[in-house]
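The structure under discussion appears below in the form of structure tokens.
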Amino acid sequence: MSQNQNPMKKLVLAYGFIAGVIVSVMLLVQQPLFEKGILNMDNGVYVGFTTMIIALSLIFFAIKSYRDQHLKGSITFITAFKIGIFITLIASVLYALTWEGYYSLTDSDFMEQWQQGQLDNMIKNGATETELAEMRKDQKTMGELYKNNFFVRFGFTLTEILPVGLMITLISAGILRKNKILPA
């Protein structure tokens, strides 16, 4: 084990935990607003993804910090990618566990509200009754899976945040591998 892995592990755990706490707290703040109708599907998505982008921007700072403090200002894309993806995984698991806790403790009707939002959008966009009936059929199947299967629900929650972290990781690793960009 090289000397650089221990500092990397500490850095990844710290930044991953901080990012996870940020997205989790905002999830807990946002959900009651959503359920009371203060936020809806459209603006709730913007708030959620903006929070994810802000929290996961810590990936950039973690990579830069590791590059400058432990690698003398130079980092490979692969090393930077590892830092970013591990931070993403930690934050994502914390986020999904927070949702699981909230969902099970509050008897949330999130899925029903989300499905109704989809139907409302289809109606607004001129969907036919046949298209709506097909969507309702699909929603019923999906709703039962979501409600009764932890792994389906956990997986869906991870798919909200993982792509955001992956994109920020790729961008950050690509930028910061160049030691002339934001030198120490």
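Every read-out reported here was derived from the displayed coordinates using simple, explicitly stated rules and does not represent laboratory data. All figures in this text were calculated on a predicted structure; none of them were measured in a lab. Reconstructed Cβ throughout: ideal geometry from the backbone, glycine too, with neighbour counts over all protein chains shown.
The 3J(HN,Hα) values that the Karplus relation (6.51, -1.76, 1.60; θ = phi - 60°) gives for region 40-46 are, in residue order, 10, 4, 5, 6, x, 5, 5 Hz. Gly and Pro appear as x. Computed 3J(HN,Hα) for region 9-21, one whole-Hz value per residue from the Karplus formula 6.51 cos²θ - 1.76 cosθ + 1.60 where θ = phi - 60°, is 4, 4, 4, 4, 5, 5, 5, x, 5, 4, 4, x, 5, glycine and proline marked x.
With 10 angstrom as the radius, rank Tyr102, Tyr95 by how many other C-beta atoms surround their C-beta, starting from the fewest.
Exposure proxy ranking, most exposed first: Tyr102, Tyr95.
Quote the Stokes-Einstein diffusion coefficient, in whole µm² s⁻¹, for the chain, based on the Kirkwood radius over alpha carbon pairs, a temperature of 10 °C and a viscosity of 1.306 mPa s.
Working: Rh = 18.2 Å.
Rounded, D is 87 µm²/s.
Sorted fewest first by neighbouring Cβ atoms within 10 angstrom, Trp99, Trp114 come out as Trp114, Trp99. Mean projection of the Cα convex hull over all viewing directions, computed for region 111-184: 8.0 nm².
Given 37 °C and 0.692 mPa s, how large is the Stokes-Einstein diffusion coefficient of region 49-155 in µm²/s, with Rh as the Kirkwood radius over Cα pairs? Taking Rh from Cα pairs, D becomes 191 µm²/s.
Across bins of 10 angstrom width beginning at 0, how are the C-alpha pair distances of region 121-162 distributed, in whole percent? P(r) for region 121-162, in whole percents per bin: 26, 35, 32, 7.
When all alpha carbon pairs of region 142-184 are counted in 5 Å bins from zero, the resulting P(r) reads 5, 20, 16, 12, 11, 9, 8, 7, 5, 5, 1 %. Backbone geometry of region 49-64 corresponds, through the Karplus equation with coefficients 6.51, -1.76 and 1.60 at θ = phi - 60°, to 3J(HN,Hα) couplings of 5, 5, 4, 4, 5, 5, 5, 7, 5, 4, 4, 4, 5, 5, 4, 4 Hz, x marking Gly and Pro. For trypsin sites (Lys or Arg not before Pro), the sites in region 1-101 that DSSP calls loop and that have at most 16 other Cβ atoms within 10 Å are Lys36, Lys72.
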